[in-house]
Amino acid sequence: MQRDRCTQAKNTSHNYQFIKMADRFNPPIEKRKTSQLLRIVGNESEWDSEAVELATVELTKRKVSKDEIEKAKRLQKRKKKTIKTQNAEKRYSIFDFIEEPFWTTFEVLFSWELKKDGYLRKARQQKYIRLVLILVVTALYFLL
């Protein structure tokens, strides 16, 4: 009997802690739509662990099935993989240099983390564009 009261007290304080934590998120986790909560649970790496825990508790309160939660996690993983693949295939085109010459040139010259950020094709192009720019500047230097 005594042990049950302790467990109950712990659970009560634990739930109070959840309510207290929810106040620091804007909007509060419990006020969000179910679809938003599923995205939070699916994107664990992009959210605070407390938010994920609160979202899981709130989904349980709303009687969302574990299958639906797992489905949301799978969908988010697939979405991340698709975005990663798309980023890897992005490339510079001549229109980038025509539409925004300053920012594109700045990115080519001074961006060092394209490969790390998943822009594999842009990183390869960056090497060649830098080489061409160096050759052009050197040629102009010697010609003038």
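Which one of the conditions (1) part of a loop (DSSP other than H, G, I, E, B); (2) more than 26 Å from Pro27 (Cβ to Cβ); (3) hydrophobic (A, V, I, L, M, F, W, C) does Ala139 fail to meet, given that it meets all the rest?
It is condition (1) that Ala139 fails.
When residues of the range 12-45 are filtered for being modelled with pLDDT under 85, surrounded by fewer than 14 Cβ atoms within 10 Å (Cβ to Cβ) and charged (D, E, K, R), how many remain?
3
Which pairs have Cβ atoms under 6 Å, sit 6 or more apart or on different chains, and link a residue in the range 102-122 that is surrounded by 11 or more Cβ atoms within 10 Å (Cβ to Cβ) to one that is β-branched (Val, Ile, Thr) and assigned to a helix (DSSP H, G or I)?
From the range 102-122, the pairs are Val108/Ile129.
Pick out the one residue from Thr60, Thr85 that is closer than 23 Å to Lys31 by Cβ, out of contact with any helix residue (DSSP H, G or I) (no Cβ under 7 Å at 6 or more places or on another chain) and β-branched (Val, Ile, Thr).
Thr60
Hey, could you check the range 57-90 for residues that are surrounded by 12 or more Cβ atoms within 10 Å (Cβ to Cβ) and outside any helix (DSSP H, G or I) and say which is modelled with the lowest pLDDT?
Ranking the candidates gives Val64 first.
The values are calculated or read from the model by the stated rules, or taken from the named source; none is laboratory data. The shown structure was predicted, so the numbers you read here are calculated from the model rather than taken from an experiment. Cβ coordinates were reconstructed from backbone atoms using ideal geometry, including for glycine residues, and neighbour counts include every protein chain displayed.
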